[in-house]
Amino acid sequence: MPIHSYEPRNGHGLPHDPFNAIVGPRPIGWIASRSAAGALNLAPYSFFNAFNYTPPIIGFASVGYKDSLRNIEQTGEFVWNLATRTLAEAMNQTCAPVPPEVSEFELAGLTPADSQLVAVPRVKESPVAFECRSTQIIQLQGANGDKVPTWLVLGEVVAVHIDSALLRNGVYDTAAAGPILRGGGPADYFSIGPEQLFQMRRPV
């Protein structure tokens with residue numbers, strides 16, 4: 001079969017960079033933070049995932065030095081909120097390029113709800129939230145050792161909030177939560193439903 005091959009440093013030769021589409025769909029890091037001065041920020045990050053079980057550690061990458069990164073550097077705290085299909089439009093509103101003093105909670109019509117262990121609020125409308133304390137902030141670098149303007153923010157999950165309706169016999173129902181995931185095109189997202197579920201046991 002014909003293969004399209006390229007070296008990223010020389011360009012991909014396509015109408016849109018395929019990298020994000022290949023590594024996807026990706027869960028969304030909908031990150032709430034608060035500045036040292038108290039200003040609230042809420043922003044979605046498509047480079048996001050979980051990295052450890054015990055302690056639970058999640059992380060997201062800020063491509064560019066953005067408000068979320070600066071706030072977390074100042075306070076050491078953030079909250080991840082689950083972006084769902086019903087909250088997709090509100091989540092998209094929080095992408096708006098607004099000054100640091102503008103709260104994306106207000107911009108998107110979302111309600112800040114007090115967290116249990118951190119000073120950053122969670123999104124009340126979201127069915128799942130992780131309260132986090134920053135553990136590492138790492139500026140990424142290329143294979144040649146040159147720093148790139150992207151920072152990986154890792155945080156330990158210190159408190160978890162789950163809508164009880166999503167717990168079926170004590171097991172979290174991923175599909176029922178209606179999570180959305182980022183695709184690779186300029187505006188592509190995906191949703192998850194029960195029809196995508198299949199089970200496969202590990203070999204023993």
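We did not get these values from a lab; they are worked out from the coordinates using the rules stated. Every value quoted in this text rests on a predicted model; they were computed, and no experiment measured them. Ideal geometry is used to build each Cβ from the backbone, glycine not excepted, and the neighbour counts take in all protein chains shown.
Data overview
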item	result
Rounded to whole Å, sorted largest first: equivalent-ellipsoid semi-axes of the chain, Cα gyration tensor	27, 24, 18
Net dipole in debye of segment 28-189 [+1 Lys, Arg Cβ; -1 Asp, Glu Cβ; about Cα centre; nearest 20]	220
Kirkwood-type radius of segment 108-204, with distances r between different C-alpha atoms, in Å	17.2
Convex hull volume per residue in cubic angstrom - Cα atoms of segment 1-90	175
DSSP-assigned coil residues among trypsin sites (Lys or Arg not before Pro) in segment 136-204, each with at most 12 further Cβ atoms within 10 Å	R201
DSSP-loop chymotrypsin sites (Phe, Trp or Tyr not before Pro) across segment 125-204, with at most 15 other Cβ within 10 angstrom	F198
Backbone HN-Hα couplings from phi across segment 192-197 [Karplus 6.51/-1.76/1.60, Hz, Gly and Pro as x]	10, x, x, 5, 8, 6
17 Å cut-off, amide nitrogen to a point 7 angstrom out along V102 Cα→Cβ, residues in segment 60-76	66-68
HN-Hα J in Hz across segment 63-74 - Karplus 6.51, -1.76, 1.60, θ = phi - 60°, x for Gly and Pro	7, x, 7, 9, 4, 4, 4, 4, 4, 5, 4, 6
Virtual paramagnetic centre 7 Å along Cα→Cβ of M200, amide N under 19 Å, in segment 146-187	174-175
Cα-centre dipole for segment 114-187 with unit charges at Cβ (Lys and Arg positive, Asp and Glu negative), debye to 20	120
Paired Rg and Dmax values of segment 51-164, which use every Cα atom, in angstrom	14.9, 48
Gain on full stretching of the segment that runs from M1 to F19 - 0.36 nm per residue minus C-alpha separation	4.5 nm
